[in-house]
Structure formats: structure tokens, C-alpha cells
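Enquirer: Below is a structure I'd like to ask you about.
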2 protein chains.
Amino acid sequence: MEKEIMELVAEKKYTKLRELLSEMNPADIAQILEELPKKELPVIFRILPKEPAAEVFVEMDSDTQQYLIEAFSDAELREVLDELFMDDTVDIIDEMPATVAKRILKQTDAATRRMINKLLAYPEDSAGSIMTTEYIDLKGHMTVEESFDRIRTIGFDTEMIYECYVTDKSRHLKGYVTVKDLLLSPKNKKISDIMDENVIFATTLDDKELVAGQFEKYDLVTLPVVDTENRLVGIITVDDAIDVIQEEISEDMDKMAAILPSDKSYFKTSVISTFKARIPWLLLLMLSATFTSAIISGFEGKLSSYIALVAFIPMIMGTVGNAGSQSSATIIRAISLGDVKFRDIFKVIWKEFRVSVLCGIVLSVVNFIKLILIDHFLLDNFDAGLYISESLVVCLTLCVTVIIAKLVGCILPIFAKKIGFDPAVMASPLITTVLDSISLIIYFGITAVFLSV
Amino acid sequence: MEKEIMELVAEKKYTKLRELLSEMNPADIAQILEELPKKELPVIFRILPKEPAAEVFVEMDSDTQQYLIEAFSDAELREVLDELFMDDTVDIIDEMPATVAKRILKQTDAATRRMINKLLAYPEDSAGSIMTTEYIDLKGHMTVEESFDRIRTIGFDTEMIYECYVTDKSRHLKGYVTVKDLLLSPKNKKISDIMDENVIFATTLDDKELVAGQFEKYDLVTLPVVDTENRLVGIITVDDAIDVIQEEISEDMDKMAAILPSDKSYFKTSVISTFKARIPWLLLLMLSATFTSAIISGFEGKLSSYIALVAFIPMIMGTVGNAGSQSSATIIRAISLGDVKFRDIFKVIWKEFRVSVLCGIVLSVVNFIKLILIDHFLLDNFDAGLYISESLVVCLTLCVTVIIAKLVGCILPIFAKKIGFDPAVMASPLITTVLDSISLIIYFGITAVFLSV
């Protein structure tokens with residue numbers, strides 16, 4: 001497809017190109033255009049009919065958008081802006097450098113500009129920042145027929161018309177009717193008689209992650225947003241809610257892998273930015289591992305007589321780390337899905353304790369059998385009596401540390417949430433580092449007691 | 001809220017209870033009912049008006065649904081089933097034990113039963129398994145007015161009426177019109193003149209994860225599903241697409257934390273199921289750690305003269321593991337978002353290589369400074385000359401292994417995807433275990449060369 005388009009551009013077969021593009025979906029066109037050499041873009045873009053052109057523009061990444069805006073004449077820029085919905089315009093301005101943003105604002109009329117500036121002022125993670133100000137509002141005294149007239153009048157410039165919100169004179173949100181309700185009701189019925197007053201809404205300052213959760217819970221297509229005085233100011237549409245869900249998950253996964261979150265896609269992030277996102281946690285975790293070195297150094301004198309025990313350190317640390325991250329990952333996900341709350345902490349601990357005892361016992365027994373049967377009889381090169389007691393020390397350590405790992409893994413994320421931290425930061429890398437030190441101390445402690453080192 | 005409801009039930013104040021419940025959203029009612037003692041449920045459920053009752057029923061978890069179905073009389077069961085949309089009925093039957101499923105099927109008429117059995121036959125992860133068979137279909141020759149009549153006739157039993165699909169005589173999908181298009185067009189206009197022929201669709205056997213991706217990419221509210229002969233057989237609605245997105249993410253996170261995926265929420269999973277989901281990977285990873293023990297045992301004789309080097313093993317392994325999981329987590333997420341494909345492998349390797357060189361150098365330098373300045377001068381208890389060469393060995397190992405870790409971390413998930421494995425399985429725990437052995441070999445190798453052990 002890309003090749004075909006490039007060829008048509010090179011041969012200046014613009015009519016054919018226009019035909020080809022008009023059959024494609026805007027999101028697909030945007031994806032192809034992003035991969036073409038930038039200098040061809042303005043030419044191709046001018047070939048597109050006005051309405052799909054705006055849709056294609058919205059779907060592009062911000063670098064490409066900026067390039068195009070800089071290539072546009074003022075008239076062209078105004079034409080694209082006229083076709084955009086308010087929330088998309090705000091998103092685009094938000095991503096642009098100040099000079100480009102100013103140029104965009106200059107091309108809009110005073111009323112729009114005032115609205116844009118108001119939307120830009122909402123905090124980054126708020127419902128206000130993702131809402132659109134174009135929606136269908138009805139009054140309670142209207143009839144079904146009058147409502148359809150209103151939808152026909154203002155519907156053209158509105159992204160989602162299927163849920164209409166009913167407000168009073170001072171724009172307070174009173175209820176909603178769906179276009180389905182309207183279609184299935186007699187023409188002269190009053191809106192106040194068919195509207196549902198039990199309406200789910202958000203306020204402008206609500207966290208957008210919370211708002212996205214409402215879409216999931218109540219199977220919504222749009223959600224009205226009110227200001228602090230309960231006046232309707234906008235709506236959020238389900239496509240934006242899905243974007244929020246994906247963003248938050250990418251952010252959680254980044255944090256769980258000890259990376260500072262970034263909102264750009266993999267190839268759009270420069271090497272330096274990727275490096276900057278990764279090095280802080282790597283450094284912090286490396287320096288915290290100093291404890292493990294210190295613990296081993298402390299036991300050094302004694303270790304030389306039981307050097308065989310050193311061979312099991314990586315296995316113990318690895319298993320304990322895995323056991324801990326299983327619990328922390330499960331709990332972090334359960335917290336973000338709303339399944340686990342702070343008040344559930346004892347229920348969680350009790351459940352993880354039982355699971356960890358089962359895991360600890362199975363792991364120790366399997367490990368003991370492996371050590372005795374395979375390593376000892378097949379590869380024997382030790383004093384048998386000593387070897388069995390060493391194996392017991394290793395297995396006892398495994399069992400105790402796996403239990404501790406699962407408990408630490410479930411408790412830390414819940415506490416993190418409680419004190420206002422993101423639970424995802426308590427994921428495997430951090431917990432593993434904490435557990436490394438704990439398991440070493442337990443290992444050497446058990447060694448000291450049982451082998452009287 | 002729960003308390004209030006329990007009190008009203010205990011005092012048998014059913015009128016007041018009915019009033020209270022009628023003001024609440026079905027999803028909220030379901031959540032409260034699930035937490036009440038099960039024996040109270042049938043009573044409360046019978047109080048609810050018919051339509052919200054069915055909605056509440058759909059929102060409940062399958063254990064509660066089963067309890068209610070068993071408590072229902074045949075007439076009551078039929079009443080609830082009559083109110084359900086086809087896809088919800090199928091989901092419920094899918095979760096029930098065979099005897100309960102049979103009882104449900106017995107209460108439906110022959111045509112519905114045939115349809116349900118057909119839907120149940122679609123593979124678990126297919127588009128067919130999440131579609132609903134209730135949609136608005138129009139013909140090209142209809143006028144806008146006739147279309148509205150059709151919507152009024154069949155719309156009541158249809159979940160989503162806002163995208164109508166145009167089919168020919170043999171039900172082949174030809175295009176779509178939105179209710180918005182219909183509302184904004186003159187009454188006598190023909191559907192074939194206003195319909196958009198460029199319609200995004202899925203086929204029944206498409207992977208549901210792929211289908212959910214289409215919703216995101218094209219900002220859809222519904223997506224039509226056709227059979228292998230391009231005949232329209234159903235639609236998928238955005239709320240089901242969101243559920244698929246969340247399910248797939250929970251599954252990915254489980255795999256990334258070395259847990260066998262489960263589709264139940266945290267507290268709904270029994271201790272035994274949780275244990276069974278976690279133990280296989282723990283065992284496998286523990287047994288693979290045998291390699292690290294073998295490597296250390298192999299060097300044992302030589303180690304006793306450089307016992308200080310042992311103290312750095314956990315730090316090196318930890319840092320290398322973190323570096324590797326940063327890359328693998330980033331790449332796994334990029335693959336699932338469609339940002340990285342197999343053909344990008346060299347671009348990915350080149351980018352990760354540059355990032356890893358930067359990380360490797362910074363980590364080594366910081367570590368060297370820390371070893372020399374802090375550990376050496378503050379806690380000095382070694383021969384200084386030897387200590388510097390030991391520090392250099394540690395730092396060189398760090399640098400080399402971090403680079404390898406990042407390359408392994410980015411290559412394995414891409415190859416897993418290529419050979420049809422889920423890339424998420426290649427996440428930190430597995431990669432860490434592989435990297436543990438690699439870093440030990442490199443560490444001892446470098447030690448042998450530079451310190452001539």
C-alpha cells in the first residue's frame with residue numbers, strides 16, 4: 001500500500017491517488033502517511049477531501065502533526081481546525097511547542113479560543129482534560145419531536161449524539177435520555193416523562209483513571225461531566241476512555257519493570273530518553289544491593305569453611321524473588337481493578353500465607369529430592385552426612401523465605417496505595433532487592449544454627 | 001448501603017427496599033447483593049422490577065448467578081431470560097455446570113435455543129464467542145423513514161441501535177449508516193445513497209484480542225461480524241471489547257509474573273487454584289537455577305582464594321536481571337500495542353544496544369566510584385592494589401552483562417512472537433534465570449583472565 005501510494009505521488013497521478021485514499025479509513029491513511037518521507041506529506045494531505053483530511057490529521061502522531069501545521073498556510077490550517085472536535089483540538093495544542101500552539105489559537109474565533117484555554121487549564125490527569133464540550137442538551141419541557149429538531153440542528157458538529165443530557169435553566173444536570181428512548185417514544189411525549197434521573201456523572205477534577213473505570217463498570221458510551229456546582233460542562237466519549245485505560249496500563253507496566261513511565265511509543269522515544277527512563281531505578285537498585293554484598297562480606301570468614309553453600313545463593317534468591325513478584329503482581333493488578341482495598345489487608349495476608357506455605361513446602365521437598373537423589377548420588381563428591389545436613393539447611397531456608405516473600409509481596413503494594421504511592425512501584429524489582437537481603441540473612445542465620453558455623 | 005439494605009430485609013420493609021433499589025444503578029445493586037448472605041438474595045431479587053432485575057442478574061458473578069438460578073422457579077427463570085440479550089445469555093450458560101445450563105436451555109424457545117447452541121460452538125477466543133445476534137439490519141432500497149420504522153419495530157430488543165448495517169438479499173454486508181446519518185438526512189432519501197460502503201468488520205473466527213484492537217484503532221462503538229461467506233451474523237459492542245482488553249492485560253501481567261493466567265478475580269480464586277497457578281513456574285525456574293549452582297561449584301576451588309568476589313554476585317545478578325526485564329517489559333508491551341513487529345528486529349536491537357551501552361557505562365562508573373571511595377576508604381580492610389583490580393573486574397562484568405541483558409531481553413520476546421508463543425511468557429522471571437547463568441560465566445571468565453585465578 002505504501003509503495004503504491006509513493007509511486008502515485010512520484011508519477012503525480014493525483015486523481016488516482018485521491019480515489020485510492022477515499023476508499024480507506026482515516027486511521028489507516030494516517031498510519032501509512034506517518035511512514036512516508038515527511039516532505040511528501042503536505043502534497044498528499046492536500047489531495048484528501050476536507051472531512052476525512054481532518055480525521056486523518058487527528059489520528060497522526062504529534063511530530064507529523066507539527067510538521068504539517070508548519071507546512072500549512074493560515075487558510076489551510078483554519079480549514080482543518082474547523083472540522084475538528086473541541087477535545088481533539090485541545091489535545092493537539094497540548095502536544096505542540098508554544099509558538100505552534102499560538103499560531104493555532106490565532107486561527108480560531110474568540111469564543112472557541114476562550115473555551116480551548118479553559119479546557120487547557122484542567123489538570124493533566126483530570127476528567128476535564130479529556131472531555132469534549134460538544135454534546136446534545138435538552139430541557140425537561142421539550143417534546144420528543146422538539147428534541148429531534150434540536151439534535152438535527154446541533155448534531156452535525158457533535159461527536160456522539162446518542163445520549164442526550166437534560167438540564168434546567170442554570171445548566172444543572174437533571175437526567176438523560178438516549179436516542180433509542182426518543183425513537184421508541186410517541187412524538188408528543190415530554191422529555192421530563194421519559195428521562196432517567198439516575199444518571200452516572202463525573203466532575204471536572206475527577207481522576208481520569210477513575211472515570212475510565214466507570215465506563216467499564218456501567219458499560220457506558222458517554223459520561224457527562226459537571227463542574228463543582230453540578231452544572232453540565234462536557235461529556236467524555238468511550239474511545240477516549242479506552243485510550244486512558246491503555247495509557248494507565250502502559251504506565252503500570254513501566255513502573256512494574258522499574259522504568260520511569262513515558263507516553264510515547266517505542267520507536268518515537270529517543271535513545272537518550274529511553275536511557276533516562278531506565279537508569280534511575282537501575283542505579284538505585286544497584287546501590288541498594290550493597291546490603292547483600294555487606295551481608296556476604298560479614299560472613300566471609302565463616303563462609304570459607306562452607307563454600308558449598310555459596311553455590312545455592314543464586315537459586316535461593318531467584319526462587320524467592322519469583323515467589324515475591326507473583327504475589328506483588330497479582331495484588332497490584334487486583335488493586336487497579338478495584339478487587340482489593342486496604343480494608344481487605346488481613347484477608348489478603350491470610351490467603352497469601354496459605355498459598356505460600358503450600359508453595360514453600362512443595363519447593364523444599366522437590367529441591368531436597370533433587371539435591372539428594374540427583375546431585376548427591378549422581379555427582380557425589382562430598383561427605384554424605386554433611387551433604388544431607390547442608391541440603392536440609394537449603395530447603396528450610398527456601399521454605400521460610402518463600403513464605404516471607406509472598407507476605408512482603410502482598411503487603412507492600414497495599415501499604416503503598418494507602419499512603420498515596422502508586423502500588424505498581426512496589427513491583428518485582430524493588431521487592432526482589434528487599435527480599436535478596438532478607439533471604440541472605442535467613443540463609444546465614446539458619447546455617448549458623450544448624451551447622452554451628 | 002449494605003447495612004441499610006440488610007436492615008430493610010430483616011424488618012421485611014419491602015416497599016421501602018424496592019424504592020431504595022429502584023434509584024440505584026444495576027451494576028451497583030449487583031455489587032451490594034454479592035456481598036450479602038446468599039440466602040437473602042432470592043427475596044431481594046424478587047422485589048426488583050423485571051427489567052432492572054435482568055440487568056442486575058447480568059452484572060453478578062457466576063457463583064451468585066448459579067445460586068439464584070437454582071432458587072428460581074421455572075417461571076421466574078423464564079422471566080429473567082426473556083429480558084436478557086443473546087450474548088449475555090450465552091455468557092451465563094457458558095459459565096454454568098451442565099445441569100444448570102440444560103435447565104436454562106429448556107426454558108428458551110426452539111429458535112433461541114438453536115441460536116444459543118450455535119454461538120456456544122464458536123472457539124473460546126473468537127469474535128463469534130463475544131458477538132450478539134441482535135442488531136439493526138437495513139436494505140439499500142429502504143428510505144430513511146422506512147429505516148426509522150424498522151428501528152422502532154426491532155430496536156426494543158436490541159442492545160445497540162446506533163450503527164445500522166446494510167445487507168443484500170443473501171445477508172451479505174454492504175455498508176453501514178449511523179442513526180446520526182439517518183437523523184441528519186431527508187426522510188425520503190434512500191439508504192443506498194447515504195450508506196458508507198467502507199465498513200470495518202471482523203469474521204467469526206478472528207481472534208477477539210485483534211477485534212478489541214480494531215475498536216481502539218478506529219474508535220468504534222460496534223463492529224459487525226460476518227461468516228466465511230461474508231454474510232452478517234452479529235455485532236460486537238464496545239463494552240465487550242473493553243472487557244476483552246482488560247482480560248488480555250490481566251493475562252499478560254500474570255504471564256509476566258510467571259503465573260498461569262486465571263480469569264477469576266483475586267478473592268474468587270481459591271487458595272488451591274492460586275497455588276496451582278503459581279507453583280509450576282516456581283518449580284521450573286528453581287530447577288533451572290541448578291545451572292547457576294553448577295557454575296559456582298565448578299569454580300569452587302578457585303573461589304576460596306578470591307572469596308571477596310562472591311560478595312558481589314547478588315549485586316551483579318540483580319542489576320543484570322533488572323536491566324533485562326526493563327527491555328523485555330518494554331518490548332512485550334510494544335508488541336501487544338502493535339508498535340513493534342518481527343521485521344523491526346534489527347531496529348530494536350540497534351536501539352537497545354545504544355541504550356545498554358549508556359546504561360552499562362554509567363552503572364560501572366558509579367559502582368567503581370562507590371567501591372573505591374566509599375567501601376575502600378571508609379571500610380578498608382583489603383590490600384589496596386588487589387582491591388582496585390577486583391573492583392575493575394566487577395565493573396567490567398557489570399558493563400558487559402548489562403549490554404547482554406538488554407539484548408537478550410529485547411530479542412527473546414520478538415522471537416517468541418514469531419514462532420507463535422505469547423511474548424509475555426518471555427518476561428522477567430524466565431529471562432532473569434537465563435541471565436543469571438550467563439552473568440556468572442562472564443563474571444568468572446573475566447575474573448580468570450584479569451586476576452589469573
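Enquirer: From the list B:89, B:108, pick out the single residue that is surrounded by 16 or more Cβ atoms within 10 Å (Cβ to Cβ) and outside any helix (DSSP H, G or I).
Expert: From the options B:89, B:108, the qualifying one is B:108.
Enquirer: Go through the residues of region B:204-216 one by one and say whether even a single one is among the β-branched types (Val, Ile, Thr) and not in a strand (DSSP E or B).
Expert: yes
Enquirer: Tell me whether region B:270-287 contains one or more residues that are of a type in the set (Lys, Arg), in a helix (DSSP H, G or I), closer than 25 Å to residue A:252 by Cβ and within 7 Å of chain A (Cβ to nearest Cβ).
Expert: Within region B:270-287, one or more residues are of a type in the set (Lys, Arg), in a helix (DSSP H, G or I), closer than 25 Å to residue A:252 by Cβ and within 7 Å of chain A (Cβ to nearest Cβ).
Enquirer: Given the conditions (1) surrounded by fewer than 13 Cβ atoms within 10 Å (Cβ to Cβ); (2) in contact with a Lys or Arg (Cβ under 7 Å, 6 or more places away or on another chain), and given that residue B:8 satisfies all but one, which numbered condition is not satisfied?
Expert: Failing condition for residue B:8: (1).
Enquirer: Moving on. Could you count how many residues in region B:132-179 are more than 11 Å from chain A (Cβ to nearest Cβ) and assigned to a loop (DSSP other than H, G, I, E, B)?
Expert: Number satisfying all stated conditions: 11.
Enquirer: Without any contact (Cβ under 8 Å) to a residue 40 or more places away in the chain and of a type in the set (A, V, I, L, M): does that describe residue B:127? Quick ask: steps written out before the conclusion?
Expert: Numbers: without any contact (Cβ under 8 Å) to a residue 40 or more places away in the chain: no; of a type in the set (A, V, I, L, M): yes.
In short, no.
Enquirer: Can you pull out every residue in region A:407-443 that is in a helix (DSSP H, G or I), farther than 20 Å from residue A:350 by Cβ and not aliphatic (A, V, I, L, M)?
Expert: A:428, A:429, A:432, A:433, A:436, A:437, A:439, A:443
Enquirer: Please find, among A:98, A:71, the residue that is closer than 25 Å to residue A:111 by Cα and either without any contact (Cβ under 8 Å) to a residue 12 or more places away in the chain or surrounded by fewer than 19 Cβ atoms within 10 Å (Cβ to Cβ) (or both).
Expert: One residue alone meets the criteria, A:98.
Enquirer: Any residue at all in region B:410-431 that's away from chain A (no Cβ under 12 Å), surrounded by fewer than 19 Cβ atoms within 10 Å (Cβ to Cβ), in contact (Cβ under 8 Å) with a residue 12 or more places away in the chain and of a type in the set (Gly, Ala, Ser)?
Expert: no
Enquirer: Within region B:309-346, how many residues turn out to be more than 24 Å from the chain's Cα centre (by Cα) and facing chain A (nearest Cβ under 7 Å)?
Expert: Qualifying residue count for the region: 10.
Residues checked against (1) more than 22 Å from the chain's Cα centre (by Cα); (2) in the same structural domain as residue B:314 (by TED's automatic domain parsing); (3) surrounded by 18 or more Cβ atoms within 10 Å (Cβ to Cβ); (4) without any contact (Cβ under 8 Å) to a residue 12 or more places away in the chain:
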| position | (1), (2), (3), (4) |
| --- | --- |
| B:263 | no, no, no, no |
| B:268 | no, no, no, no |
| B:273 | no, no, no, yes |
| B:279 | no, no, yes, yes |
| B:283 | yes, no, no, yes |
| B:294 | yes, yes, no, yes |
| B:297 | yes, yes, yes, yes |
| B:300 | yes, yes, no, yes |
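Enquirer: Please list, ordered by first then second residue, the pairs with beta carbon atoms under 8 Å, 6 or more apart or interchain, first in region B:235-246 and more than 9 Å from every other protein chain (Cβ to nearest Cβ) and in contact (Cβ under 8 Å) with a residue 12 or more places away in the chain, second in a helix (DSSP H, G or I) and among the small types (Gly, Ala, Ser).
Expert: Partner pairs satisfying both residue conditions: B:236/B:127; B:244/B:212.
Enquirer: Which of the following residues is assigned by TED's automatic domain parsing to the domain that holds residue B:434 and not in a helix (DSSP H, G or I): B:340, B:348, B:365?
Expert: Values: B:348 fails: not in a helix (DSSP H, G or I); B:365 fails: not in a helix (DSSP H, G or I).
Every option except B:340 fails the conditions.
Enquirer: Could you please find all residues in region A:224-261 being assigned to a loop (DSSP other than H, G, I, E, B) and surrounded by fewer than 17 Cβ atoms within 10 Å (Cβ to Cβ)?
Expert: A:227, A:228, A:229, A:230, A:260, A:261
Enquirer: Moving to a separate point now. Please work out which one of (1) among the hydrophobic types (A, V, I, L, M, F, W, C); (2) within 21 Å of residue B:137 (Cβ to Cβ); (3) free of Cβ contacts under 8 Å to residues at least 60 places away in the same chain; (4) facing chain A (nearest Cβ under 8 Å) is the condition residue B:182 fails and give its number.
Expert: (4)
Enquirer: In region A:138-180, how many are closer than 25 Å to residue B:159 by Cβ, charged (D, E, K, R) and out of contact with any helix residue (DSSP H, G or I) (no Cβ under 7 Å at 6 or more places or on another chain)?
Expert: 2
Enquirer: Right, another one. Can you tell me which residue within region A:29-40, out of those that are assigned to a helix (DSSP H, G or I) and at pLDDT below 85, is surrounded by the fewest Cβ atoms within 10 Å (Cβ to Cβ)?
Expert: First, the residues of region A:29-40 that are assigned to a helix (DSSP H, G or I): A:29-35, A:38-40.
Retained after the next criterion (residues that are at pLDDT below 85): A:31-35, A:38-40.
Details: A:31: 19, A:32: 17, A:33: 23, A:34: 15, A:35: 11, A:38: 13, A:39: 9, A:40: 14.
Looking at residues that are assigned to a helix (DSSP H, G or I) and at pLDDT below 85, I get A:39.
Enquirer: Another one. Yes or no: residue B:113 in contact (Cβ under 8 Å) with a residue 12 or more places away in the chain, of a type outside the set (S, T, N, Q) and surrounded by 14 or more Cβ atoms within 10 Å (Cβ to Cβ)?
Expert: So residue B:113 does not fit the description; no.
The values are calculated or read from the model by the stated rules, or taken from the named source; none is laboratory data. Note that the structure is predicted; figures quoted are calculated from it, not measured. Because the Cβ atoms are built from the backbone with ideal geometry, glycine has one as well, and the counts that use them run over all protein chains shown.
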